[in-house]
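Q: This structure is in structure tokens; I'll ask about it shortly.
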Amino acid sequence: MINWEPPLIENRIDCSTDEPSVILIPCTINKMGHHAANNKLKWYYDKRVSIDKHEKKKMDDIYISLKEDIKKNLALPFAIDKLIDRGSNPEELKVIKQDEYDLLVKLNVPGSYWTMQEHEEDSRYMCIKARGKDPDVPEILIRNGKLSAAHVRSNFHASVQKYVNAYTRRSNLKLALSTHGPATTLHVKDDYENKLFDVDLVPLVKLGKHWLIGKPHENARNKPDVPEGCLWRRSFTHLESHRLKCIPREDRKILKIVKTICHYNDKQMGMLSTYVYKTAFLRWFYDDSNSLPGLHFKKLPMWSKLVSYLAYIDGTLRTGKLYPYFDEKNLDNLLHGQKQTALSNLANYCRKMVNNVEFLESQLNVES
């Protein structure tokens with residue numbers, strides 16, 4: 001067992017919101033405590049979190065080859081500008097297995113032909129309005145002078161299905177297709193039908209500084225021709241990825257450890273998406289950790305940082321509010337729709353890991 005004193009939690013009022021926030025002040029621990037705790041985390045990171053280097057290289061090589069083939073042979077009814085890697089892989093946050101990739105398919109929708117307008121009732125969404133005849137966008141994708149996200153999605157999916165059929169006939173790899181939200185997912189298998197990895201393909205439009213994806217509005221699910229079917233969802237992925245990459249690798253390990261705890265403790269922490277934990281991590285690292293009084297955050301041991309991040313999650317869940325890091329207007333509460341009882345139970349679970357070193361150790365020993 002690690003010789004480590006439980007941390008102190010101080011409630012403090014954030015003057016900008018008038019809401020209580022939880023600030024963790026780790027207690028001083030002796031050198032043996034630091035050494036044992038960090039050795040425990042190193043073991044966990046090496047044995048549970050890290051992806052085997054040979055597996056990663058093998059999957060990356062297959063993915064790169066597939067991506068090049070998609071760029072060359074995917075025939076869409078609209079022009080592709082470029083393919084953009086996003087998500088945990090370029091952010092170096094993938095854990096356990098190299099089993100998924102995220103690829104944004106940027107459409108060639110120039111500002112010379114199109115303009116944006118914020119949706120009056122839900123400003124998380126934008127409509128893309130034509131201000132001239134764009135020769136690269138067919139009429140089937142336009143509804144009432146607007147580029148329809150719903151029709152782009154459906155045509156995109158149909159085109160990817162044709163690509164899958166052709167690819168499977170000429171390759172040893174097997175591809176299958178599914179859809180979820182804005183993504184068309186390629187399920188990649190070897191010639192023995194063993195799963196290799198998934199690739200989420202998401203159409204993207206970039207106009208000015210705004211990145212927009214075709215995530216369906218709740219009023220337009222399975223109803224492509226309603227007015228909301230034209231709406232595109234704001235995305236902050238480019239800004240978030242840049243900020244995450246600016247965080248030192250050693251500190252990013254904290255998020256990777258928590259993601260792995262989520263994987264092996266799915267009944268508790270799995271109720272929230274990894275995007276929620278990633279958003280909380282950004283807010284903790286850039287806003288909360290640097291405000292710890294009297295502490296030099298960079299010099300804290302990894303165990304103390306892990307406990308600090310878990311305490312931040314605990315406090316955030318108790319407020320019931322968490323917004324994307326670059327959502328300046330606080331439009332999209334990522335915890336909306338979650339039952340308060342479930343959030344409280346998860347907060348209690350996180351607080352138990354914060355206050356009880358033996359319990360946190362036990363969670364690092366869970367394998368399945």
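Q: Being over 24 Å from the mean Cα position of the chain (by Cα) and without any contact (Cβ under 8 Å) to a residue 40 or more places away in the chain is the filter; apply it to region 88-117 and report the residue that is farthest from residue 166 (Cα to Cα).
A: In this case the residue turns out to be 117.
Q: Looking at 82, 97, 67, which one is modelled with pLDDT under 95 and surrounded by fewer than 17 Cβ atoms within 10 Å (Cβ to Cβ)?
A: Going through 82, 97, 67 in turn, the sole match is 82.
Q: Condition check: over 23 Å from residue 178 (Cα atoms), outside any strand (DSSP E or B) and in contact with a Ser or Thr (Cβ under 9 Å, 6 or more places away or on another chain). Does residue 111 satisfy that?
A: Taking the combined requirement at face value, the residue does not satisfy it.
Q: Take residue 92 and decide whether it is at positive phi, assigned to a loop (DSSP other than H, G, I, E, B), among the acidic types (Asp, Glu) and loosely packed, with under 15 Cβ neighbours inside 10 Å.
A: yes
Q: What pairs come up if the first residue lies in region 320-347 and is closer than 18 Å to residue 237 by Cβ, the second is of a type in the set (Val, Ile, Thr) and surrounded by 14 or more Cβ atoms within 10 Å (Cβ to Cβ), and their beta carbons are under 7 Å apart, counting only those six or more places apart or on different chains?
A: Correct list of pairs: 322/276; 322/279; 322/316; 324/279; 325/279; 334/276; 334/279.
Q: Can I ask one more? Among the residues that make up region 38-51, is at least one of them modelled with pLDDT of 95 or more, touching a His at 6+ places or on another chain (Cβ under 7 Å) and in a loop (DSSP other than H, G, I, E, B)?
A: Within region 38-51, none of the residues are modelled with pLDDT of 95 or more, touching a His at 6+ places or on another chain (Cβ under 7 Å) and in a loop (DSSP other than H, G, I, E, B).
Q: Can you pull out the residues in region 108-126 that are at pLDDT 95 or above and either of a type in the set (Asp, Glu) or crowded, with 19+ Cβ neighbours inside 10 Å (or both)?
A: Answer for region 108-126, where residues must be at pLDDT 95 or above and either of a type in the set (Asp, Glu) or crowded, with 19+ Cβ neighbours inside 10 Å (or both): 125, 126.
Q: Restricting attention to region 114-132, and to residues there that are assigned to a loop (DSSP other than H, G, I, E, B) and not charged (D, E, K, R), which single residue is nearest to residue 330 (Cα to Cα)?
A: Here the answer is 123.
Q: Which condition does residue 85 not pass, out of (1) closer than 26 Å to residue 139 by Cβ; (2) part of a strand (DSSP E or B); (3) without any contact (Cβ under 8 Å) to a residue 60 or more places away in the chain, if it passes all the others?
A: Just one mismatch for residue 85, condition (1).
Q: Taking strands (runs of 3 or more DSSP E) that do not extend beyond region 133-239, which have at least 3 residues that are crowded, with 18+ Cβ neighbours inside 10 Å?
A: Ranges flagged: 183-189, 195-207, 210-213, 232-235.
Q: Can you list residue pairs whose Cβ atoms sit under 8 Å apart, with the first residue in region 233-248 being more than 26 Å from residue 118 (Cα to Cα) and the second being exposed (fewer than 15 other Cβ atoms within 10 Å of the Cβ) and not aromatic (Phe, Trp, Tyr)? Count only pairs 6 or more apart in sequence or on different chains.
A: 245/92
Q: Quick check on residue 254: is it modelled with pLDDT of 95 or more, touching a Phe, Trp or Tyr at 6+ places or on another chain (Cβ under 8 Å) and either among the polar types (S, T, N, Q) or in the same structural domain as residue 98 (by TED's automatic domain parsing) (or both)?
A: So residue 254 does not fit the description; no.
The values are calculated or read from the model by the stated rules, or taken from the named source; none is laboratory data. The structure displayed is predicted, hence computed values, not measured ones. Please note: Cβ atoms are built from the backbone with ideal geometry, for glycine as well, and neighbour counts cover all protein chains shown.
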